[in-house]
């Protein structure tokens, strides 16, 4: 053997260099993901499934990158490095990152169009950078003193975790999109240099086949059989799917909080760092506790689908983290010898794609609710190591027949006790001591059932069914729910004589069931709300042929402000929402504007195609499930609105939100464009009404003066320091932290 330290045969293995290269590549990968999603926001809106679609594309590109790394692993490092560096330089010609100019999606085709857009935008770069982790580990392992290369994957995921957090906390609040793209390109240049240095450090390393044939090489283990490969697939697919299903479940069914999608992905990445670490203590503790956490947190998460709470959010995130660490730790323990490292990562990446495919594409088409989430919880239960708990039941029941009887009794007790808990929490959200004691007993029973895997999985299924799944199944059976790419909608009739449309956890619209009150405005649109006052004044301000545009249909409540002779046009991104009005579940449009057209698609893009001066009043009410469509609140969007308005037209924007204060944002926009702007805060809370905040803006101060002559409006408050633009907008400074 040569003693040339740069040649890879002797001297130091230079672990720091490979760890730094892996960390840098992973940091860039997870910095570019939210960067491209933010860049695409003006075309896509803010639906949770947009992020799931993006993640599926990234997982598919990661699979391609790992397959490419696996192919290169058969070559000597010098030759592989030449190919890899050539592709890295070739991919650099696609920089800086920019969206391709393609037509917007047709209604209903978003699930395919979104991945297509992301592939065109970032495909080559993501593909070649994604090969970093397995390729650098394989190059590192070519040194005879390298040791186990697998813990370097922990560095990879620490880099991913850092990149993910850096974007919303540092990059987006501080830099416009153009600067973000240029900064990423600079980071890419650093990565190319690091890869070149790593290649130089192993330039004389032979191909793996030559290394394996060396006299001092350890005997190769047998090739992994189909059973082992299927285990790798399952142990990687379930955490991947669970990460995405947790995101959907939280943002749809429990808590539509801004930036919430960052947390599940961050925990998922962090789980790899713990599971693949050289020191196994933390992974061991979490694995031992995983049956308790899965049963308890899974029960609380399901309970949250009926009664949302921060406890349910915390339980869902704890479940994801512990399950991901446990399953990834089991995956690490099933790893092959370093010579098969790239094959292992290729299969692991394929599992990630399968989990993402099921959650992001198949589930929204097959299920009318987030059924994928409880199914993946049960899949995790079927894969958890249960050895630490398997003997407990045998210590209580010593005979086989009594064990079977004990299992049956415990399963019955778990189901009945869980039903009791759900009934109690529906009456009062506060947990009594009795309820807490019963719940603790249920978890103990579930853990005792870990004596048999099928019994433990059945116990988890009983908890999930009793605490929410049965109620959700009843809603599905009644046909009161539908699911689209943009969300899950549920229709409920309540005892106070109202029919409600719920979008996730957010009220989307209400109508009185009494025929005599069917046309009465409800929720945010009452007669004393800002939009109610403005639309009631349309005839006075613009005459009998006023032209009204409404962005965001809901259940069509605003239609009943229409008067004969007026021309109304609605804009709605989701065809599923329009169906609730056209098939008669909500009759506002049928009763009040039967001939008004509804334009399906992103309103900003559709308005750009309409002639200028199309409306006298334009209402923007496009928030969904408390998500903020930033692309509808930027300076560029405002120019689109005022282009479509008459010179003296009025723009009305709904800014009611539990988590973000939007008044400073609109105040800054009004200041920049020298608009007159006022706000109406309505506190009505009776007869189906909901408190609301509406802002009216116009280029004509006289119109605003005429609108506000009743004295119910006030000027906007202090403007934000920075105007939101398509290339710069951050909700972080405007979060209402006390409500999170």
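Numerical summary
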quantity	calculated
Residue match in region 666-683 (condition: surrounded by fewer than 19 Cβ atoms within 10 Å (Cβ to Cβ), in a strand (DSSP E or B) and at pLDDT below 90)	no
Matching option when the condition is modelled with pLDDT of 85 or more and either touching a helix residue (DSSP H, G or I) at 6+ places or on another chain (Cβ under 7 Å) or buried (at least 16 other Cβ atoms within 10 Å of the Cβ) (or both), among 107, 92, 47, 111	92
Any chance residue 673 is in the same structural domain as residue 573 (by TED's automatic domain parsing) and either closer than 24 Å to residue 523 by Cβ or out of contact with any strand residue (DSSP E or B) (no Cβ under 9 Å at 6 or more places or on another chain) (or both)	no
Matching residues, region 8-44, being at pLDDT 70 or above and not in a helix (DSSP H, G or I)	13, 14
Meets criteria (surrounded by fewer than 18 Cβ atoms within 10 Å (Cβ to Cβ), over 30 Å from residue 40 (Cβ atoms) and modelled with pLDDT of 90 or more) for residue 543	yes
Verdict on residue 577 being in the same structural domain as residue 684 (by TED's automatic domain parsing) and either within 24 Å of residue 493 (Cα to Cα) or free of Cβ contacts under 8 Å to residues at least 24 places away in the same chain (or both)	yes
Qualifying residue in region 147-164 (condition: in the same structural domain as residue 198 (by TED's automatic domain parsing), part of a loop (DSSP other than H, G, I, E, B) and over 25 Å from residue 337 (Cα atoms))	no
Restricting region 596-605 to residues that are modelled with pLDDT of 90 or more and either part of a strand (DSSP E or B) or out of contact with any strand residue (DSSP E or B) (no Cβ under 7 Å at 6 or more places or on another chain) (or both), the residue that is nearest to residue 570 (Cα to Cα)	598
Set 549, 554, 601: member being within 32 Å of the chain's Cα centre (by Cα), more than 29 Å from residue 481 (Cβ to Cβ) and in contact (Cβ under 8 Å) with a residue 60 or more places away in the chain	549
Residue, farthest from the chain's Cα centre (by Cα), within region 275-286, restricted to residues that are surrounded by fewer than 23 Cβ atoms within 10 Å (Cβ to Cβ) and assigned to a helix (DSSP H, G or I)	281
Single condition residue 608 does not satisfy, out of (1) free of Cβ contacts under 8 Å to residues at least 60 places away in the same chain; (2) assigned to a loop (DSSP other than H, G, I, E, B); (3) surrounded by fewer than 19 Cβ atoms within 10 Å (Cβ to Cβ)	(2)
Residue in region 630-642 that is at negative phi and part of a loop (DSSP other than H, G, I, E, B) present	yes
Those helices (runs of 4 or more DSSP H) lying entirely in region 330-444 with at least 2 residues at pLDDT 75 or above and surrounded by fewer than 13 Cβ atoms within 10 Å (Cβ to Cβ)	363-366, 400-427
Residue within region 646-656 that is in contact with a helix residue (DSSP H, G or I) (Cβ under 9 Å, 6 or more places away or on another chain), surrounded by 13 or more Cβ atoms within 10 Å (Cβ to Cβ) and over 23 Å from residue 613 (Cα atoms) present	yes
Residue list for region 692-722, restricted to those being surrounded by fewer than 18 Cβ atoms within 10 Å (Cβ to Cβ) and in contact (Cβ under 8 Å) with a residue 40 or more places away in the chain	700, 702, 706, 710, 712, 717, 718, 721, 722
Tally, over region 481-507, of residues that are without any contact (Cβ under 8 Å) to a residue 60 or more places away in the chain, surrounded by 15 or more Cβ atoms within 10 Å (Cβ to Cβ) and out of contact with any helix residue (DSSP H, G or I) (no Cβ under 7 Å at 6 or more places or on another chain)	2
Filter result (touching a strand residue (DSSP E or B) at 6+ places or on another chain (Cβ under 6 Å) and not in a strand (DSSP E or B)) within region 475-496	475, 480
Hits in region 159-184 - residues which are touching a helix residue (DSSP H, G or I) at 6+ places or on another chain (Cβ under 8 Å), touching a residue at least 60 places away in the same chain (Cβ under 8 Å) and surrounded by fewer than 19 Cβ atoms within 10 Å (Cβ to Cβ)	162, 165, 166, 168, 169, 173, 175
When residues of region 508-523 are limited to those that are buried (at least 20 other Cβ atoms within 10 Å of the Cβ) and outside any loop (DSSP other than H, G, I, E, B), the one farthest from the chain's Cα centre (by Cα)	511
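Per-residue answers, yes or no, for (1) more than 27 Å from the chain's Cα centre (by Cα); (2) surrounded by fewer than 16 Cβ atoms within 10 Å (Cβ to Cβ):
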position: 450; (1), (2): yes, no
position: 456; (1), (2): yes, no
position: 464; (1), (2): no, no
position: 474; (1), (2): no, yes
position: 479; (1), (2): no, yes
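The values are calculated or read from the model by the stated rules, or taken from the named source; none is laboratory data. Everything numeric here is computed off the predicted structure, so don't read it as measured data. Every residue, glycine among them, receives a Cβ derived from its backbone with ideal geometry; neighbour counts consider all protein chains shown.
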